[in-house]
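Only one structure is covered here, and it is reproduced in the block below.
Where a number appears in this text, it was derived from the coordinates with a stated rule and is not lab data. Just so we're clear, the structure is a prediction, and the values are computed from it rather than from any experiment. Ideal geometry is used to build each Cβ from the backbone, glycine not excepted, and the neighbour counts take in all protein chains shown.
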Amino acid sequence: MIAITRGISPNMADCELVHLERQPLNLELLRAEHATYARTLRDLGCAVVELPPLEEHPDSVFVEDTAIVFDQFALLTRPGAESRRGEVSSVARILGEYRELFWISEPGTLDGGDVLVAGTDVFVGLSSRSNAEAVEQLRFLLGPRGYQVHAVEVQNCLHLKSAATWIGDGQMLVNLEWVDPSAFAGYELVEVDPAEPAAANALRLRQVLIHGASYPRTRSRLEERGHQVVPVDISEIAKAEGAVTCCSLILR
Ligand code: CIR
């Protein structure tokens with residue numbers, strides 16, 4: 001497995017924010033959290049390819065939003081926030097070494113954080129960043145390749161994967177305040193603890209779940225169901241509305 005990551009922009013304090021109040025960001029702490037995250041990926045068997053920071057793009061550490069990687073090809077996005085569109089081309093250059101590339105085009109907008117892949121099911125959040133035109137483009141591309149594309153409304157959160165992630169074994173980790181359960185018919189839903197609304201974002205690598213260390217109650221729920229959870233501290237990254245899936249692109 002290869003994990004593509006990107007170093008922290010020195011201008012990350014100017015990141016986009018939709019649902020959070022701006023707080024001062026500590027660059028040293030951000031770098032330390034990011035380094036621990038990369039070490040966790042390595043410990044779980046990934047070769048980490050870290051792209052250099054893009055100074056002029058405060059949110060560029062969140063590489064997940066620029067592409068969706070499938071086994072045979074990758075799809076470059078057209079991020080919903082104008083400030084983030086310039087992040088895509090350098091990710092395309094590296095992904096092009098490993099995959100055939102496709103692109104979302106205007107008027108489609110799509111953030112990778114809105115694309116939740118569970119086997120051949122591809123759930124796409126209709127959010128402030130991702131629109132119905134992008135869903136149509138995804139259907140056109142993915143339908144003939146054996147995937148089922150499902151549009152999902154999300155509310156009160158940035159991306160679909162803020163509200164739900166696939167944790168394996170036919171299960172979704174969900175915050176039902178932010179997404180309707182009917183979106184995931186046929187899946188077993190594991191709800192976050194109500195005191196931890198941001199805890200629905202987990203990154204499944206092999207049989208293990210990487211999960212924010214600030215969510216011990218939800219972690220217990222996962223462990224009770226037999227999941228092995230590796231907590232990582234992303235509390236500074238979370239101030240920029242980031243979570244564990246956002247900081248890497250995994251090539252399996
Ligand atoms: C943004 O608003 O675009 C960034 N501040 C946070 C992006 C987080 N990405 C993700 O959840 N996939």
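For the subset of region 127-146 comprising residues that are surrounded by fewer than 17 Cβ atoms within 10 Å (Cβ to Cβ) and hydrophobic (A, V, I, L, M, F, W, C), which member is farthest from the chain's Cα centre (by Cα)?
This residue is Phe140.
Could you grab me the full set of residues in region 182-212 that are under 17 Å from Leu160 (Cβ atoms), among the hydrophobic types (A, V, I, L, M, F, W, C) and without any contact (Cβ under 8 Å) to a residue 40 or more places away in the chain?
If the condition is that a residue be under 17 Å from Leu160 (Cβ atoms), among the hydrophobic types (A, V, I, L, M, F, W, C) and without any contact (Cβ under 8 Å) to a residue 40 or more places away in the chain, then Ala185, Leu189, Val190, Val192, Ala199, Ala200 are the ones that fit.
Can you tell me which of Arg78, Arg84 is in contact (Cβ under 8 Å) with a residue 60 or more places away in the chain and basic (Lys, Arg)? Step through it out loud before you land on a result.
Working: Arg78 fails: in contact (Cβ under 8 Å) with a residue 60 or more places away in the chain.
Testing whether each residue is in contact (Cβ under 8 Å) with a residue 60 or more places away in the chain and basic (Lys, Arg) leaves just Arg84.
Identify, by number, the condition in (1) more than 13 Å from the ligand (Cβ to nearest atom); (2) charged (D, E, K, R); (3) in contact with a Ser or Thr (Cβ under 6 Å, 6 or more places away or on another chain); (4) part of a helix (DSSP H, G or I) that Glu50 doesn't meet.
With (1) more than 13 Å from the ligand (Cβ to nearest atom); (2) charged (D, E, K, R); (3) in contact with a Ser or Thr (Cβ under 6 Å, 6 or more places away or on another chain); (4) part of a helix (DSSP H, G or I) applied to Glu50, the lone miss is (4).
Do you know which residues across region 167-205 are in contact with a Leu (Cβ under 6 Å, 6 or more places away or on another chain), under 16 Å from Val117 (Cα atoms) and surrounded by fewer than 22 Cβ atoms within 10 Å (Cβ to Cβ)?
Across region 167-205, the qualifying residue is only Leu205.
Would you tally the residues in region 73-114 being among the acidic types (Asp, Glu) and touching a strand residue (DSSP E or B) at 6+ places or on another chain (Cβ under 7 Å)?
Adding up the residues that qualify gives 2.
Between residues in region 51-75 that are farther than 14 Å from Thr5 by Cα and residues that are crowded, with 18+ Cβ neighbours inside 10 Å and of a type in the set (Ser, Thr, Tyr), which pairs lie under 7 Å by C-beta distance while being six or more apart or on different chains?
Short answer, once both residue conditions are applied: Glu55/Ser9; His57/Ser9; Pro58/Ser9.
For residues that are under 26 Å from Gly146 (Cβ atoms) and acidic (Asp, Glu), scanning just region 56-80, find the one that is surrounded by the most Cβ atoms within 10 Å (Cβ to Cβ).
Asp65
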